[in-house]
Amino acid sequence: MPELPEVETTRRGIEPHLTGHRLGKITIRERRLRWPIQEGLEGLLHGHVVQQVRRRAKYLLIELGHGTLITHLGMSGSLRLVEPGTALRKHDHVDIRLDSGLSLRLHDPRRFGALLWTDEPIENHPLLARLGPEPLEGGFDGAYLYGALHTRKQAIKSAIMDSHIVVGVGNIYANESLFLAGIDPRRACNRIARHRVIDLASRIKQVLAAAVEQGGTTLRDFVNPEGQPGYFQQTLNVYGRPGLPCPSCATPMSHTLIGQRATFYCPTCQR
DNA sequence: CAACGGACCTGCCTGC
DNA sequence: TGCAGGCAGGTCCGTT
């Protein structure tokens with residue numbers, strides 16, 4: 001479900017309800033996420049005050065002063081704030097009670113998500129230590145992207161989805177960025193002119209920033225922590241539109257698989 | 001190293 | 001209606 005814009009939308013939704021608030025009772029109903037939730041996590045969290053809620057890549061980092069709760073939503077995870085007594089749905093795995101009376105509720109049908117604890121400096125955590133730059137920050141620009149890609153032979157789409165190169169670009173926004181840049185998603189990285197890679201970096205920033213602005217993309221069921229959908233799907237040019245006319249030239253959109261992921265592109269505009 | 005495929009899960013949709 | 005098969009917004013890990 002979530003790519004960077006959806007995770008950032010989630011962060012913005014939960015942050016004001018968490019920062020400065022004390023955590024109360026922690027209820028864990030299902031520990032089998034991508035990695036099992038560690039025994040005793042309840043005791044590590046209970047009674048502590050949230051200092052800050054940050055995001056790194058698609059990880060949400062809830063900082064408690066004596067350590068950090070690391071959350072990942074995987075493919076199907078969501079975090080919502082619920083009123084006391086809100087009925088449980090299937091796959092509501094964790095509730096974290098807040099001193100406001102609300103609870104932060106983790107829901108994740110496929111259980112590809114994660115809930116981890118670390119008391120080390122967060123940048124040292126093995127899952128975060130080797131990540132590439134944030135696409136919406138200064139460490140990511142055209143010169144960086146060209147430097148990272150120009151010797152690679154893999155398909156450009158796979159490369160921009162590789163979190164060691166740049167984080168946060170998932171399947172939807174990889175497809176959309178390549179459409180705006182006019183680049184065939186199958187094209188080998190080392191066969192793309194420098195000026196086109198530089199343009200691609202801008203397009204990635206453009207697409208992600210616009211999607212954050214619109215609260216993310218709701219394809220099936222993404223909702224922000226207040227329960228509202230995102231609106232960026234109205235802006236999608238290629239994702240999920242095989243056979244429909246290209247918005248630019250009206251050629252029917254092509255559909256293929258790259259790295260096992262659904263790929264959509266215009267065979268005329270993207271070269 | 002770079003690149004690729006498999007693995008982890010449930011739900012939903014399609015087609016027989 | 002039932003059931004098999006395929007697909008879904010992520011990403012780690014093992015193998016070439």
Kindly provide the set of residues from the stretch A:1-26 that are closer than 18 Å to A:His66 by Cβ and either of a type in the set (A, V, I, L, M) or buried (at least 22 other Cβ atoms within 10 Å of the Cβ) (or both), ordered by number. A:Leu18, A:Leu23, A:Ile26
Take the stretch A:166-190 and flag every residue that is part of a loop (DSSP other than H, G, I, E, B) and under 15 Å from A:Glu3 (Cβ atoms). A:Val166, A:Val167, A:Gly168, A:Val169, A:Gly170
Within the stretch A:108-125, how many residues are assigned to a loop (DSSP other than H, G, I, E, B) and within 13 Å of DNA strand B (Cβ to nearest atom)? 6
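Here is a yes/no grid of residues against (1) in the same structural domain as A:Gln38 (by TED's automatic domain parsing); (2) in a helix (DSSP H, G or I); (3) in contact (Cβ under 8 Å) with a residue 60 or more places away in the chain; (4) more than 16 Å from DNA strand C (Cβ to nearest atom):
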position	(1), (2), (3), (4)
A:Leu81	yes, no, yes, yes
A:Leu88	yes, no, no, yes
A:Ile96	yes, no, yes, yes
A:Gly101	yes, no, no, yes
A:Leu106	yes, no, no, no
A:Gly147	no, yes, no, yes
A:Thr151	no, no, no, yes
If I ask for residues that are under 23 Å from A:Tyr231 (Cα atoms) and either of a type in the set (S, T, N, Q) or in contact with a helix residue (DSSP H, G or I) (Cβ under 7 Å, 6 or more places away or on another chain) (or both), which ones from the stretch A:171-199 would you list? A:Asn171, A:Tyr173, A:Ala174, A:Asn175, A:Glu176, A:Ser177, A:Leu178, A:Leu180, A:Ala181
Filter the stretch A:168-206 for residues that are of a type in the set (A, V, I, L, M, F, W, C), within 16 Å of DNA strand B (Cβ to nearest atom) and farther than 23 Å from A:Cys249 by Cα and give the result. A:Val169, A:Ala188, A:Cys189
Lone unmet requirement of (1) away from DNA strand C (no atom under 16 Å from the Cβ); (2) more than 15 Å from A:Leu79 (Cβ to Cβ); (3) out of contact with any Lys or Arg (no Cβ under 9 Å at 6 or more places or on another chain) for A:His46: (3)
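The values are calculated or read from the model by the stated rules, or taken from the named source; none is laboratory data. Everything numeric in this text was worked out from a predicted model, so none of it was measured. Neighbour counts run over all protein chains shown; Cβ positions are idealised from the backbone, glycine included.
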